[in-house]
1. Look through the stretch 92-101, keep the residues that are of a type in the set (A, V, I, L, M) and in a helix (DSSP H, G or I), and return whichever of them is surrounded by the fewest Cβ atoms within 10 Å (Cβ to Cβ).
2. Among Met67, Met89, which is surrounded by 15 or more Cβ atoms within 10 Å (Cβ to Cβ) and either among the hydroxyl-bearing types (Ser, Thr, Tyr) or in contact (Cβ under 8 Å) with a residue 12 or more places away in the chain (or both)?
3. Based on this model, can you work out whether Asn56 counts as surrounded by 13 or more Cβ atoms within 10 Å (Cβ to Cβ) and over 30 Å from Ile109 (Cα atoms)?
4. Is it the case that the stretch 12-23 has a residue that's among the charged types (D, E, K, R), surrounded by 13 or more Cβ atoms within 10 Å (Cβ to Cβ) and free of Cβ contacts under 8 Å to residues at least 60 places away in the same chain?
5. Which residue, of Gly12, Gly46, Gly19, is out of contact with any Ser or Thr (no Cβ under 8 Å at 6 or more places or on another chain) and at pLDDT 85 or above?
6. Quick check on Gly83: is it free of Cβ contacts under 8 Å to residues at least 60 places away in the same chain, surrounded by 17 or more Cβ atoms within 10 Å (Cβ to Cβ) and part of a helix (DSSP H, G or I)?
Amino acid sequence: MQPFFTRLPLVGRLVLDTGMLIAAIALIDPRASGLTVHESVGIALGTVLFAHLTLNWPWVVAVTKKMFANLPRETRLNQVLNGLLFIFMAVAIGSGIAISREALPALGIMTNGSRV
């Protein structure tokens, strides 16, 4: 039996991707929504990105195995850009969690950036 995420229909995947796009746009300026909302949405986006990666893991594995084989240039470029985007988002979300001043302290988790 396949995991739940690999059985999610295309419409569900598009909804997930659209939600990630909207969240990423909302995170651009923390002054627009407030720091607490900015941090909370960032943490939620990290969770959704993990689900997205899990959902598309079969594609990642298949394309990575064929990376140096006979793949169209567009597919190879797409794989490289997706890898870079993952690295940048992981660093941004990880560093944001490390310096959280509102969201994590509200849950009782103190970080380097926590207000005392």
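The values are calculated or read from the model by the stated rules, or taken from the named source; none is laboratory data. Note that the structure is predicted; figures quoted are calculated from it, not measured. Please note: Cβ atoms are built from the backbone with ideal geometry, for glycine as well, and neighbour counts cover all protein chains shown.
1. Ala98
2. Matching residue, one of Met67, Met89: Met89.
3. yes
4. Within the stretch 12-23 (the criterion being among the charged types (D, E, K, R), surrounded by 13 or more Cβ atoms within 10 Å (Cβ to Cβ) and free of Cβ contacts under 8 Å to residues at least 60 places away in the same chain), the answer is yes, since at least one residue qualifies.
5. Checking each option against the conditions leaves just Gly46.
6. no
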